[in-house]
Amino acid sequence: MEKYVHDIVIVGAGLAGLRAAVAAAEFGEKLDIAVISKLHPIRSHSVCAQGGTAAVMREKDSFDLHAWDTVKGADFLADQDVVEFFVRQAPKEIVKMEHWGCPWSRTPDGKIDQRPFGGHTYPRACFAADMTGFHEMHALYGKAITYDNVRFYDEWFATSLIVEDNSAVGLTAIELKTGEIHVFQAKSVIMATGGHERIYEFTTFSHTTTGDGMAMAYRAGAPLMDMEFVQFHPTGLVPSGVLITEGARGEGGYLINVNGERFLKRYAPEKMELAPRDVISRAEQTEILEGRAFTSPYGPYIALDLRHLGEEKINERLPLIRDVAIKLGGVDPVKEPIPIRPAAHYSMGGIKANIKTETPIRGLYAAGECSCLSVHGANRLGTNSTAECLVFGAVAGEEAAKHATSTSFHEFSQEKVLAEEKRVFDGILGSEGSERVPQLRDEMRRLMNTKVWIFRKGDDLESALKEVRELEKRFKNIKVEDKGRAFNTGFTAALQLDFMLDLAEVTIMCALARTESRGAHSRLDYPKRDDEKWLVHTLAYYTAEGPRLEYVPVTITKWQPTARKY
């Protein structure tokens, strides 16, 4: 087993990971920085971000207004000190991205253009047509590879975090090309591995985004925070689930039911299609459940109508959406509506981290969707996620660099490394049971889709918890057919499912415990928000028997909870 030694190891090469690498490299040219990714960075899920990145860029807008929109959108569960810092830093990141080559769309007078987005009272979504994440990623990757002290480990799969005396001292990772496991020693580790919505069947998520960093940190002793809050995006393309950007509604698109009615007038009369995502997803699901949806071989759906925008505007502002709708949905949005329905899209929860991205484990930092700071509370506003990746990716890189320059390398127990090697190769690859990974994975995803979806009930959640724990038991009896090590996709899928089952269990248990409805967590048996009891963050700690839950207060600076109406 080979050992690699770096001052800082970043796991994940999406927006947050790349931004962290750039920030760390700029902090100190003598720092040795590694970026580990299970695929090439430009294939990271961040390239799928379409609609824009939120930032205050105009005189009519303000930091307080952006912060208020975010706090209200979060159903008052966001930590307001973090939100205030976030909104002030976001415009600086937009300018840096501009300098690094991101081709922002422009107004006729040459300014960076901004479009409206759900829950925002001012058009503050900076965008690059409808391929914002794609262009941001190319700009950041182009910047990151200019530094001599940043080394990329592409197509490496991180399997465990090594912690000694509550300090992160390294991790284990498999080189997918050879299938061999190696150890990385580090002074600072940054998790930037994205969310976990692949635990659901109908999702906008790339197949590779399986919450690995969340699970590794959780197993190593870091708590996961607010995992019950899963965002369902209103416009997942039917049947694939591929994202149809909220920017389509920001440009003026309508949502209609089978009667041709813009039904949001009943649910969010002031904001209509620009209400927050949790509001619109519940409205769509209600239309479907009450029989006002279109029917198809792939199930009921709602229609996103862009026809009135005209071909010229669609081609200029939404070219990718037109292409995706034609190739994957079989419809041309210039001529007919796009079939959509809510899809699992984003995790408001993640590894608990503070405003400096520090986790409760010394030397471990978390940024982007795998973290919970908490900017988004119970519901994220569109375009705040890419902004969060940039803002807190930069913070994580700088803070990890400070820590790495002020501490020395810690030795770690070889027993932990050998135990991980045994777990991975004997326990998973070497298992000779009768269960198959694809079948278990499909059962988990169907379970989450039916019992832990937009509308939740206590008895469904209790049933889901029992079922996912049964799946965990069955996982111990799997068999990976291919026993080879090089580029073994079946082996990788088994490792990912192992992580996802943990995360599904945490999500269900946190949802079962929270007996209220707030933001994206909607309990039919507890339909009201309960600030007296539940204005708190959920913390889930790993134990052998399952998650142990604790609660901590929400940080409120300016805005007391009020009724949330749109």
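The values are calculated or read from the model by the stated rules, or taken from the named source; none is laboratory data. Just so it is clear, the structure is predicted and the values come from calculations on it, not from any experiment. Here the Cβ is made from the backbone with ideal geometry for all residues, glycine too, and neighbour counts use every protein chain on show. Ligands, DNA and RNA are stripped out before the accessible areas are found, and what is left, the full protein with its side chains, is counted by its heavy atoms. Shrake-Rupley method; radii C 1.70, N 1.55, O 1.52, S 1.80 Å.
Some notes on this structure:
- Among the residues of the stretch 193-231, the ones that are open to solvent by 10 Å² or more (accessible area, probe 1.4 Å) and either closer than 24 Å to Val536 by Cβ or not hydroxyl-bearing (Ser, Thr, Tyr) (or both) come to 9 in all.
- Entry remark, the stretch 526-544: residues being in contact with a Ser or Thr (Cβ under 8 Å, 6 or more places away or on another chain) and part of a strand (DSSP E or B) number 2 in total.
- Residues in the stretch 50-80 that are open to solvent by 10 Å² or more (accessible area, probe 1.4 Å) and assigned to a helix (DSSP H, G or I): Phe63, Asp64, Leu65, Trp68, Lys72.
- Residue check, Lys466 assigned to a helix (DSSP H, G or I), more than 26 Å from Thr178 (Cβ to Cβ) and open to solvent by 50 Å² or more (accessible area, probe 1.4 Å): yes
- Taking every residue in the stretch 261-275 that is free of Cβ contacts under 8 Å to residues at least 60 places away in the same chain and pairing it with any residue that is among the polar types (S, T, N, Q), at least 6 positions away or on another chain, the pairs with Cβ-Cβ distances below 8 Å are Phe263/Asn257; Tyr267/Thr286.
- Inter-residue pairs, beta-carbon under 6 Å, first under 17 Å from Val71 (Cβ atoms) and touching a residue at least 24 places away in the same chain (Cβ under 8 Å) and in the stretch 516-527, second in a loop (DSSP other than H, G, I, E, B) and open to solvent by 20 Å² or more (accessible area, probe 1.4 Å), 6+ apart: Arg518/Arg529
- For the stretch 434-452, a tally of residues being in a helix (DSSP H, G or I) and either surrounded by fewer than 19 Cβ atoms within 10 Å (Cβ to Cβ) or not aliphatic (A, V, I, L, M) (or both) returns 10.
- Residues (touching a Leu at 6+ places or on another chain (Cβ under 6 Å) and surrounded by fewer than 24 Cβ atoms within 10 Å (Cβ to Cβ)) located in the stretch 175-192: Phe184
- For the stretch 337-373, residues that are open to solvent by less than 10 Å² (accessible area, probe 1.4 Å), in a loop (DSSP other than H, G, I, E, B) and in contact (Cβ under 8 Å) with a residue 40 or more places away in the chain total 7.
- In the set Phe491, Phe455, only one residue is hydrophobic (A, V, I, L, M, F, W, C) and surrounded by 23 or more Cβ atoms within 10 Å (Cβ to Cβ); that residue is Phe491.
- Test set (1) more than 21 Å from Val22 (Cα to Cα); (2) open to solvent by less than 10 Å² (accessible area, probe 1.4 Å) - Val334 fails condition number: (2)
- Only listed residue being modelled with pLDDT of 95 or more, exposed (fewer than 15 other Cβ atoms within 10 Å of the Cβ) and either out of contact with any Asp or Glu (no Cβ under 6 Å at 6 or more places or on another chain) or assigned to a loop (DSSP other than H, G, I, E, B) (or both), chosen from Glu270, Glu261: Glu261
- Index of the failed condition, Ala394 passing every other in (1) within 29 Å of Gly133 (Cβ to Cβ); (2) open to solvent by less than 10 Å² (accessible area, probe 1.4 Å): (2)
- Checked against the criterion of being farther than 15 Å from Pro123 by Cα, at pLDDT 95 or above, open to solvent by less than 10 Å² (accessible area, probe 1.4 Å) and part of a strand (DSSP E or B), the candidates Val83, Val35 yield just one match: Val35.
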